[in-house]
Amino acid sequence: MQVGLTQILFLSTALFFIGVYGFLTRRNMITMLMAVELMLNAVNINFIAFNKYLWGGKLDGVFFTIFIIAIAAAEAAVAIAIVINIYRNFGSIDAEDADSLKL
Amino acid sequence: MAVSNIIFYLLSALIIACGIMSVTSRQIFRSAIYLLFCMMGVAGLYFWMQYEFIAAVQIVVYVGGIVVLIIFSIFLTHRVGSDLAEPEYKRTLFAGLASLFAFLLFWSVIKRNEFFGEQPSGELSVRRIGEEMLNYKQGGFVLPFEVVSILLLAAMIGCIVIAMRAQTEKN
């Protein structure tokens, strides 16, 4: 079977829902961040595949991917600064433990 | 079966297997290493699609930047070798079912849809990416480029502020 857009979309959908599963089951903030990175990667694969197979002459998908990678880097840096701060204040990075804003 | 198809299926197997191991492993350090291999697999997929520049960016930013940052933060916040807590059985069950059914729904939609005019385009020159990125005419990308650069600056300053406040409180 010739590999085309459908196979690549299968891969990216599977990767996205693996990320969703990880985000829902994990309670550790760093592992939740890792699950979010998996989802962002699935989205990037989609953009690149559509750009390659359907919009050959244009570069829109490539630029979306480049900007998503840049924003993901900024997001990871800020998230990890916050996580380390939470660790200093609460002594744990479990999402259930950081509950001082709860009523 | 052509060699290129075999390479694609090997890369997909690597990505899916490492992704599943990354979200299910009970040791957080192993989880990060599986994430690293998953990112390498995605970079390999970009190489397979002949988008070498994106693959290089993926390796430099994700593998060399984000995963290393995550590993450093694991070293700062965990005792290496200790296992993560087992998630509740109910939560695992329902999260698994929700992801599985959502995947099947999306997959049935993709399977039913025909993509017209599907043909792979050739490779992409870095020169063209650079020219488009600084193109300020119709269809150029200079505005998002500038917005992202300001966002990166803001994120950098934000990280420094968050880290500094913690230190002054300590003293």
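FYI, it's all coordinate maths here, none of it is from the lab. Predicted, not measured: the structure shown is a model, and the values here were computed from it. Cβ: placed from backbone, ideal geometry, glycine included. Neighbour counts: every protein chain shown.
As a rough footprinting exposure proxy, the listed residues B:GLU114, B:GLU52 were ranked by other beta carbons within 10 Å of their own, and the order from fewest upward is B:GLU114, B:GLU52. Taking chain B as a Gaussian network of alpha-carbon nodes connected by springs under 10 Å, the highest mean-square fluctuation of the residues B:GLY44, B:GLY140, B:GLY122 belongs to B:GLY140. Comparing Cα centroids, segment A:1-51 and segment B:108-151 end up 20 angstrom apart. Helix A:29-53 and the long axis of chain A differ in direction by around 10°, with both axes built from C-alpha atoms. Measuring from each cysteine beta-carbon in chain B, the ones with no other cysteine beta-carbon under 4.7 angstrom are B:CYS159.
For chain B, set up a Gaussian network in which alpha carbons nearer than 10 Å are linked by springs, and say which option among B:PHE29, B:PHE103, B:PHE47 fluctuates the most. Result: B:PHE103 has the largest fluctuation of those listed.
Backbone phi angles across segment A:92-101, fed through the Karplus curve with coefficients 6.51, -1.76 and 1.60 (θ = phi - 60°), yield HN-Hα couplings of 7, 10, 6, 5, 6, 7, 8, 10, 6, 8 Hz in residue order; Gly and Pro are listed as x.
Computed from backbone phi, the HN-Hα couplings of segment A:72-84 come to 5, 5, 4, 5, 5, 5, 5, 4, 6, 4, 5, 4, 5 Hz, rounded to whole numbers (Karplus: 6.51 cos²θ - 1.76 cosθ + 1.60, θ = phi - 60°; Gly and Pro given as x). By the rule of a C-alpha distance below 30 Å, with chain neighbours fewer than 8 residues away ignored, the lysines paired with B:LYS90 are A:LYS102. In this label model, B:GLU86 and B:ARG127 are separated by 6.2 nm, measuring between points 7 Å along each Cα→Cβ vector.
Quantify how much of the Cα-Cα distance distribution of segment A:5-90 extends past 18 Å, in percent. The calculated P(r) of segment A:5-90 puts 53 percent of pairs beyond 18 Å. Pairs of Cα atoms nearer than 8 Å and 6+ residues apart set the relative contact order; for segment A:5-90 it is 28 percent.
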